[in-house]
Amino acid sequence: MDYNATTPLEPEVIQAISEALQDAWGNPSSNYIADVTFVPVSKVTARVEVDDVIAAVRPNTCLISVMLANNETGVIMPVREICQRIKSLNKRHERLRILLHTDAAQALGKIRVDASELGVDYLTIVGHKFYAPRIGALYVNSPGTKTPLHPMLFGGGQERNFRPGTENTPMIAGLGKAAELVTSHLSEYESHMQSTKLYLEEQLRAVFKDKIHFNSHYPGSDILPNTCNVSILGPTLQGWRVLSNCRRLLASVGAACHSDSGNRPSHILLSCGVPSEVAANALRLSVGRGTTEADVDAVVEDLRETVQLLEEMN
C-alpha cells in the first residue's frame, strides 16, 4: 500500500511506449523537424507581398502564418490574396496541403475580420486588444476533421481533448460579449477611431510642421483606423526620452512583445525602410473607442511642451 510512492505501468501505457520506441525514434530537437522561412516586408508598402510569399513556398512547406495587421505600423497585410493563391497551389499539386494561419490580434475590433472571407484555416484573437479580458482564442476551420489540431498539453477530456483544464467560464463569457459588441457596433467603432486618428495627425502636423514624420503612411497600403506611428525629428527626441518626460501622455515606442530590445530602434520600422535615426524617435500612438478630440489636444500640448523642454536642455 505504497501507491503514493510509485505505481506500476498500465498495459496500454507499456504499449504506447513500445510503439514510440519503434516509430518515434527521431530526435525532436533536431533542426530538420521545423524549418522556417521568413519573408521580408516591402520597404515601399510595409506589407508582405503576395508574390514574395509564393516565391518562398517549397515542396515541404506545410504552414504559412501572416499577421493580419502589424501592431506597430498598423499596416494591413494581404491575407485574403495570399490564401487565394495558396489554395490554388494546393489544388494544382499533388503535395502536402499548405495550411494558412493569421494572427488577427490587432485587427479585431478595428476592421472587419471574417475567417471565411479571408480563407484561413486558423485565426488567433486576443481579448485585451478589443475591450475583452486577457484571454485568447484560436479559430480552427472544422478542428480535427477538415483542419488538423493537436493538443500541446494533455489531460482531462472535457474540452474535446484539445486542451486540459476546466473552462474559465467568466473570461470566456467576457470574450464572447466583447465579440458580440464588435459584431453589432464595428462601423461605429471604426468611424470614431478613424476620425480621431486623423484629427491627431492634423494637430501633430500643425504643431510640429516639418519636424514630424509618420511611420505608418505607406503608398498603396491600408492602415488600421486607430494607429499612428510617428517620429518627432531631432537629435534629443528619441521616443523613450520623450515619453519619460511627458506629464500626461501614456504611450509606447513599439510593441510590448519587443520590449526586450531596450532603447534600440524598432526592427519592424527598420525593415519597413524607416531610417535608423527616425525609427529611434518613434512613438506608437493608438486611439480607442472613448478617445476624444479634447484628449488629443491634451496629448499634443504635452508633446509640444516636452519637445521644447528637451531641446532647451540640449
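The values are calculated or read from the model by the stated rules, or taken from the named source; none is laboratory data. As the structure is a computational prediction, the values presented were derived from the model and not from experiment. Backbone-built Cβ (ideal geometry, glycine too); neighbour counts: all protein chains shown. Note: accessible area is taken over every heavy atom of the protein model, side chains too, but ligands, DNA and RNA are not part of it. Shrake-Rupley method; radii C 1.70, N 1.55, O 1.52, S 1.80 Å.
Consider the stretch 146-185. How many of its residues are part of a loop (DSSP other than H, G, I, E, B) and more than 27 Å from Arg112 (Cβ to Cβ)?
Counting residues in the stretch 146-185 that are part of a loop (DSSP other than H, G, I, E, B) and more than 27 Å from Arg112 (Cβ to Cβ) gives 20.
Does Glu180 satisfy the condition of being open to solvent by less than 90 Å² (accessible area, probe 1.4 Å) and among the charged types (D, E, K, R)?
Taking the combined requirement at face value, the residue does not satisfy it.
Being over 28 Å from His185 (Cβ atoms) and surrounded by 21 or more Cβ atoms within 10 Å (Cβ to Cβ) narrows it down to one residue among Ile82, Ile14, Ile54; which is it?
Within the list Ile82, Ile14, Ile54, the selection yields Ile82.
Just to confirm my filter: which strands (runs of 3 or more DSSP E) fall fully inside the stretch 212-304 and include at least 2 residues that are open to solvent by 70 Å² or more (accessible area, probe 1.4 Å) and under 25 Å from Arg47 (Cα atoms)?
Here the list is empty.
Need the failing condition index for Leu153 against (1) touching a Gly at 6+ places or on another chain (Cβ under 9 Å); (2) loosely packed, with under 13 Cβ neighbours inside 10 Å; (3) within 24 Å of Asn71 (Cα to Cα), just the number.
(3)
Can you list residue pairs whose Cβ atoms sit under 7 Å apart, with the first residue in the stretch 43-64 being farther than 15 Å from Leu99 by Cα and the second being open to solvent by 40 Å² or more (accessible area, probe 1.4 Å) and assigned to a helix (DSSP H, G or I)? Count only pairs 6 or more apart in sequence or on different chains.
Going by the 7 Å Cβ cut-off, the qualifying pairs are Val50/Glu81; Val50/Arg85.
Scan the stretch 84-105 residue by residue and report those that are modelled with pLDDT under 95 and under 16 Å from the mean Cα position of the chain (by Cα).
Matches in the stretch 84-105: Ala105 only.
So which pairs qualify, if the first residue must be in the stretch 203-230 and under 27 Å from Glu81 (Cα atoms), the second must be open to solvent by 70 Å² or more (accessible area, probe 1.4 Å) and among the hydrophobic types (A, V, I, L, M, F, W, C), the Cβ gap must be under 8 Å, and the two must be at least 6 apart or on different chains?
So the pair list comes out as Tyr218/Val44; Pro219/Val44; Gly220/Val44.
Among the residues of the stretch 303-314, is any free of Cβ contacts under 8 Å to residues at least 60 places away in the same chain and closer than 20 Å to Lys197 by Cβ?
Within the stretch 303-314, not a single residue is free of Cβ contacts under 8 Å to residues at least 60 places away in the same chain and closer than 20 Å to Lys197 by Cβ.
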